[in-house]
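Visitor: Starting off with a structure, shown below.
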Amino acid sequence: MKQEFKVIADLLPNNSRVLDVGCGDGSLMNFLVKEKNIETRGLELDQNNVQECIYKGLTVIQGNAETELYQFPNQSFDYVVLSQTLQAFYKPDKVLNELLRIGKSVIVSIPNFGYWKVRTSLLFFGKMPITKTLPNTWFNTPNLHMCTIKDLYNYCEDQNINIKKVIGVNENNTSLIKRKNLEIKNLFSKLGIFLIG
Amino acid sequence: MPSLAGLFFWMNRKIENINKITIAKPLKLDCGKTIKDFPLAYETYGKLNENKNNAILVFHALTGDQFVAGTNPVTKKDGWWVTAVGPGKAIDTNKYFVICANVIGGCMGSLGPSDINKETNQPYGLDFPVITIKDIVRAQESLLDHLGIKKLLCATGGSMGGMQLLQFCATFPDKTFSAIPIACSSSHSAQNIALNELARQAIMADPVWDNGKYFLKNTQPKNGLAVARMVGHISYLSEQGMQEKFGRKLQEKADYEFSFNADFQVESYLRHQGSSFVERFDANSVLYITRAMDYFDLSKQYKGGLVEAFKNQLTKFLVISFSSDWLYTTKENKDIVIALNASGADVSYSEIETDKGHDSFLLNEPEFLKTLKGFIDSMYEKFKK
């Protein structure tokens, strides 16, 4: 399992109820069910991924998170997880509000546009950055609203969204991010994982 | 148009040698009348295992019957769901014990309007009580007792079969471990009521129908019944699917005949569907079963609506819809998912991308069949534990 999922799994207590938005082939859910006795539900757009989840015996609803989160009742999950998809929505702010409505807590991970390699690519080469976490070119990227860890941190504060924990991930290293080390972590983290709500 | 030979077949078909139980317990119908000592015909495939945990109940659609797989012994044609049910199929009869009962109101051995009314010694005709989906489902519950099954591994059905399934889960919340409603609705839409009314009016407009008393003359309102079937068949396809299948192709001719014969392939197709239907189905049964569908509104049965209907469900659901189905749309199927979610039930949902319309659940649609198989097999692993 990838490092990001390990970090997310560690944030989730045993026996809780989790909605995985954009659950892919169900790898994270499968781990949570088997290792932590967590009750999971998934929302996934892709037909093949939905089938994979069903084969694994996981509960999954085929649908688009941008338009179909309304079907989940208020505060019906202990945690809602959104992994590296926030930046791909037309209206990420609306989606974030929906996640906070559905979950008592929300875990959002984002590819960090403030990572130094991203910054230098733009600064020195004058080209849109292509990295492991941002593998697409400008014309075919699904990412419509790229942001940095600092952007999301500031956004949560501006919107009075309670920030419980922020973790920066760089390969196999993880570190806690606070207001006081935000500038440096924003430069050296490939991924930001936010526990909010 | 239907052949005389075909008609002869309908009147004389042998439906005596099929499995039946007699349900002695009186069943009070929604209309207020009570039926008792009535026959319920059914068929099973595969073997019930020792632990009795591999049983799957299938509910059939409007014009279906209990002969799901293999060869239908009455019509000598393939069972209506051979694409999905059989040895090695998605619902594998080498592994699972599959049960299907003919609905009451039908004409394949269960109590229906073509049966003899003991009070008059004549077929019921329109003296048959108007039945509902709930009546249909309640009549089938005794069959599980008869077969010694306390809890099903799975129950499934498409179209009207899906509607029966939703009713079954609401009425008997602890009878099945999992459920797969396919291409159905929790309440019949205005459009579907309208299409059913068109089918009924076609039958009733046929003078042979004679207020449902055609059996006195040993005949059937075959023209009206065939038109009713054609309406159905149009609604089972999609605009795109129909265009791809038929387009403007002519039926075994180079040019128009300048007549009202079946010039176009699509006309010929509909006429064939109509004429083969009258050989196997009773016109009054169509009236009664379509009425049951129209009256179906699960939310109306519960004060708190659909969410209340599914309250305390332990059953694990998989709802499936087809993208080009305009009869039981994705939207209607999603409403079921939303209600199940709101009531806290365990529900999965998949929309299969296809241009084959409502008919898709009966066809060889690989993505659909794979999803079906994946779900049932994974449910069996869980249920066994």
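Visitor: Based on the mean of other beta carbon atoms within 10 Å per residue, what is the order of A:113-123, A:46-56, most packed first? Numbers along the way, then the final one.
Guide: On the way: A:113-123: 16.8, A:46-56: 19.8.
With the highest mean Cβ count within 10 Å placed first, the list reads A:46-56, A:113-123.
Visitor: Looking only at other chains, what is the average number of their beta-carbon atoms within 10 angstrom of each beta-carbon in B:94-102? Provide the component values of the computation, followed by the final result.
Guide: Details: counts 0, 0, 0, 0, 0, 0, 0, 0, 0.
Going residue by residue through B:94-102 and averaging, the value is 0.
Visitor: Give me the angle, in degrees from 0 to 90, between the Cα long axis of helix A:27-36 and the longest principal axis of the Cα atoms of chain A, rounded to the nearest 10.
Guide: With rounding to tens, the tilt is 60 degrees.
Visitor: How many nm separate the modelled label positions at A:Gln3 and A:Asn162, each set 7 Å beyond the Cα in the direction of the Cβ?
Guide: Once both label points are built, they end up 3.0 nm from each other.
Visitor: Calculate, in nm to one decimal, what A:Arg119 and A:Asn14 gain on full extension: separation in residues at 0.36 nm each, minus their alpha carbon distance. Mind dumping the intermediate values first?
Guide: Numbers: separation 105, 0.36 × 105 = 37.80 nm, distance 3.86 nm.
Using 0.36 nm per residue and subtracting the Cα-Cα distance, I get 33.9 nm.
Visitor: Could you work out [θ]222 nm for chain A from helices alone, using -39500 (n - 2.57) per DSSP H run of at least four and dividing by all its residues? Round to the nearest 500 deg cm²/dmol.
Guide: Values: 8 runs with 65 residues, N = 197.
Value at 222 nm, helices only: -9000 deg cm²/dmol.
Visitor: Let me ask you something else. Take each of the peptides B:176-187, B:261-272, average the number of other beta-carbon atoms within 10 Å over its residues, and list them starting from the highest. Numbers along the way, then the final one.
Guide: Values: B:176-187: 25.9, B:261-272: 17.0.
Final packing ranking: B:176-187, B:261-272.
Visitor: May I pose another question? Modelled label-to-label distance, B:Glu267 and B:Leu250, 7 Å Cα→beta-carbon offset: nm?
Guide: 1.2
Visitor: Calculate for chain B the 222 nm mean residue ellipticity that helices alone would give, adding -39,500 (n - 2.57) per DSSP H run of length 4 or more and normalising by residue count, nearest 500 deg cm²/dmol. The partial results should precede the final answer.
Guide: Values: 11 runs with 135 residues, N = 385.
When only DSSP H runs of four or more count, the value is -11000 deg cm²/dmol.
Visitor: R0 = 35 Å: FRET efficiency of B:Lys384 with A:Glu171, Cβ-based, nearest 0.05? It would help to have the intermediate numbers written out before the result.
Guide: Numbers: r = 42 Å, r/R0 = 1.19.
Result of the calculation: an efficiency of 0.25.
Visitor: Let me ask something additional. Give me the dipole magnitude in Debye, nearest 20, for region B:4-384 about the Cα centre, with unit charges on the beta carbon: positive for Lys and Arg, negative for Asp and Glu.
Guide: Numbers: 42 positive and 42 negative charges, 216 e Å.
Rounded to the nearest 20 debye, it is 1040 debye.
Visitor: Among B:337-344, B:88-95, what's the highest-first ranking by average C-beta atoms within 10 angstrom per residue?
Guide: Values: B:337-344: 20.8, B:88-95: 17.4.
Ranking, from highest mean packing down: B:337-344, B:88-95.
Visitor: Compute for region A:1-95: radius of gyration divided by Kirkwood radius, i.e. Rg/Rh, restricted to C-alpha atoms, rounded to two decimals. Don't skip to the answer; put the middle values down first.
Guide: Details: Rg = 12.6 Å, Rh = 13.5 Å.
Taking Rg over the Kirkwood Rh, I get 0.94.
Visitor: Please state, as a whole number in µm²/s, the translational diffusion coefficient that the Stokes-Einstein equation yields for chain A at 25 °C and 0.890 mPa s, with Rh defined as the Kirkwood radius across alpha carbon pairs. If you can, show how the numbers build up before the last one.
Guide: On the way: Rh = 17.2 Å.
Stokes-Einstein gives a translational diffusion coefficient of 143 µm²/s.
Visitor: Further question: Could you line up B:Met108, A:Met1 from fewest to most neighbouring Cβ atoms inside 10 Å? Intermediate values should be presented prior to the final figure.
Guide: Working: B:Met108 26, A:Met1 12.
Final ranking by Cβ density, sparse to dense: A:Met1, B:Met108.
Visitor: Only bridges with both residues in the protein assembly as shown count here: give the DSSP antiparallel percent, nearest 5.
Guide: Working: 31 of 76 bridges.
Given both bridge residues lie in the protein assembly as shown, the antiparallel proportion sits at roughly 40 percent.
Visitor: Kirkwood hydrodynamic radius, region B:4-384, all distinct C-alpha pairs: what's the number in Å?
Guide: Numbers: mean 1/r = 0.0469 Å⁻¹.
One over the average 1/r among Cα pairs gives 21.3 Å for region B:4-384.
Visitor: Compute the FRET efficiency between A:Lys34 and B:Lys76 as 1/(1 + (r/R0)^6), taking r as their Cβ-Cβ distance and R0 = 56 Å, and round to the nearest 0.05.
Guide: Working: r = 49 Å, r/R0 = 0.88.
That gives a FRET efficiency of 0.70.
Visitor: Can you tell me the equivalent ellipsoid semi-axes for region A:88-197? Use √(5λ) from the Cα gyration tensor, largest first, whole Å. Let's see the in-between values first.
Guide: Details: eigenvalues 112, 61, 26 Å².
Working through the eigenvalues yields semi-axes of 24, 18, 11 Å.
Visitor: Hey, could you get me the Stokes-Einstein D for the protein assembly as shown, Kirkwood radius over alpha-carbon pairs, 25 °C and 0.890 mPa s, rounded to whole µm² s⁻¹? Don't jump to the answer; show the numbers that get you there.
Guide: Details: Rh = 26.5 Å.
Answer from the Stokes-Einstein relation: 93 µm²/s.
Visitor: Which residue, B:Gln191, B:Gln313, B:Gln220, tops the fluctuation ranking in a GNM of chain B built on C-alpha contacts under 10 Å?
Guide: Of the options given, B:Gln191 has the highest mean-square fluctuation.
Visitor: Still on this model: Scan chain B and note any complete DSSP helix (H) whose C-alpha atoms cover at least 30 Å along its axis and whose Kyte-Doolittle average is 0.5 or more. Don't skip to the end; give the middle numbers.
Guide: Working: long enough: none.
Helices meeting the criterion: none.
Visitor: For the residues B:Arg248, B:Arg280, what sequence is obtained by ranking on other C-beta atoms within 10 Å, fewest first? Could the numbers behind the result be given before it?
Guide: Numbers: B:Arg248 9, B:Arg280 18.
Least crowded to most crowded, the residues run B:Arg248, B:Arg280.
Visitor: Dipole of region A:1-106 (Lys/Arg Cβ +1, Asp/Glu Cβ -1, origin at the Cα centre): which of A:Leu12, A:Tyr70, A:Gln51 lies farthest to the positive side?
Guide: In region A:1-106, that residue is A:Leu12.
Visitor: Can you tell which of A:Phe125, A:Cys23, A:Ile61 lies farthest toward the positive end of the dipole of chain A, using +1 and -1 charges on the Cβ of basic and acidic side chains (Lys, Arg; Asp, Glu)?
Guide: Value: A:Phe125.
Visitor: A follow-up question, please. Assigning unit charges at the beta carbon (Lys, Arg +1; Asp, Glu -1) and nothing else, what dipole magnitude in debye, to the nearest 20, does the protein assembly as shown show about its Cα centre? Spell out each step's value before the answer.
Guide: Details: 66 positive and 61 negative charges, 337 e Å.
In debye, rounded to 20, the protein assembly as shown gives about 1620.
Visitor: Also, quick follow-up: Calculate, for B:Glu257 and B:Ala205, the FRET efficiency according to 1/(1 + (r/R0)^6) with r their C-beta to C-beta distance and R0 30 Å; round to the nearest 0.05. Intermediate values should be presented prior to the final figure.
Guide: Working: r = 27 Å, r/R0 = 0.90.
The calculated FRET efficiency here is 0.65.
Visitor: Also, I was wondering about something else. Would you mind giving the mean number of other chain beta-carbons within 10 Å of the Cβ of each residue in A:53-60, as a whole number?
Guide: Across the residues of A:53-60, the mean count of other-chain Cβ atoms within 10 Å is 6.
Visitor: Only residues of region B:292-322 count here: report those whose backbone N is under 18 Å from the spot 7 Å along Cα→Cβ of B:Ala194, or say none.
Guide: Label zone hits: B:294-295.
Visitor: Putting +1 on Lys and Arg Cβ atoms and -1 on Asp and Glu Cβ atoms, find which of A:Ile161, A:His145, A:Asn172 reaches farthest to the positive end of the dipole of region A:143-197.
Guide: After comparing all options, I get A:Asn172.
Rule-based calculations on the coordinates, nothing more; no lab input. Not measured: the values here are computed from a predicted model. A quick note on method: Cβ atoms are made from the backbone with ideal geometry, for glycine too, and the neighbour counts reach across all protein chains shown.
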